[in-house]
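Here the structure is laid out as structure tokens; the discussion comes afterwards.
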Amino acid sequence: QVQLVESGGGLVQAGGSLRLSCAASGSIVSINVMGWYRQAPGKQRELVASITGGGITNYADSVKGRFAISRGNAKNTVYLEMNSLKPEDTADYYCAAFLVSRSYWGRGTQVTVSS
């Protein structure tokens, strides 16, 4: 079992920055990949960024150059640094952890970017 708790969402003006955090607990040694997903109203959930245990990152084209995913030294925390935010980044952001056998999801944190 893995538990994920997100924090750091909020309201920000366009062009601003936010840093999301995801704290993992439980069977964290079994986690292969951690990622951030988002879901805007009326849209499907989409991958924002992911990071492997070895530090390999992957980003959605829409956030490349603006967002950065990283893991804490203890490997049980993953961050999403979001810069140059746009109104279209408004969504609920979810942390995910992928193990060999299954995935786990946090409850999400809301990000609202005003124009």
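The values are calculated or read from the model by the stated rules, or taken from the named source; none is laboratory data. Keep in mind that this is a model prediction, so the values were computed, not measured. For neighbour counting, all protein chains shown are included, and Cβ atoms are generated from backbone atoms with ideal geometry for every residue, glycine included. Surface accessibility is based on the protein's heavy atoms, side chains included, excluding ligands, DNA and RNA. Shrake-Rupley method; radii C 1.70, N 1.55, O 1.52, S 1.80 Å.
When the chain is treated as a GNM, springs tying every alpha-carbon pair under 10 Å, which of S101, S62, S21 comes out with the largest mean-square fluctuation?
S101
Roughly how many Å² is the accessible area per residue of the chain, as a whole number, for a 1.4 Å probe?
53
Lys and Arg at +1, Asp and Glu at -1: add these up for the other residues within a Cβ distance under 10 Å of Y79 and post the number.
Result for the local shell: +1.
Mind checking the full-extension length gain between T57 and S115? Use 0.36 nm per residue of separation minus the Cα-Cα distance, one decimal, nm.
Once the chain is fully extended between T57 and S115, it gains 18.0 nm.
Under 26 Å from the Cα of K86, which lysines turn up, not counting those fewer than eight places away in the same chain?
K43, K64
Which is farthest toward the positive dipole end of the chain among Y59, I69, A23, measuring Cα position about the Cα centre, with Cβ charges +1 (Lys, Arg) and -1 (Asp, Glu)?
A23
In whole percent, how big is the carbon plus sulfur part of the accessible area of segment 70-111, probe 1.4 Å, protein atoms only?
Carbon and sulfur atoms account for 42 percent of the accessible area of segment 70-111.
Rounded if a/c is under 1.5, else prolate if a/b is larger than b/c, else oblate: which is the chain, with a ≥ b ≥ c the root eigenvalues of its Cα gyration tensor?
prolate
Roughly how many Å² of L18 are accessible to a 1.4 Å probe, to the nearest 10?
30
With the contact rule set at Cα under 8 Å and sequence spacing of 6 or more, what percent relative contact order holds for the chain?
37
Choose one answer from V29, V78, V12: the residue with the largest mean-square fluctuation in a GNM of the chain with alpha-carbon springs under 10 Å.
Ranking V29, V78, V12 by mean-square fluctuation puts V29 first.
What stretch of the chain, leaving out the sites themselves, is the longest with no trypsin sites (Lys or Arg not before Pro) in a DSSP loop having at most 13 other Cβ atoms within 10 Å? All intermediate terms of the calculation are to be shown ahead of the outcome.
Details: sites that count: K43, K64, K75, R102, R107.
Counting only loop sites that pass the neighbour cut-off, the longest clear stretch is 1-42.
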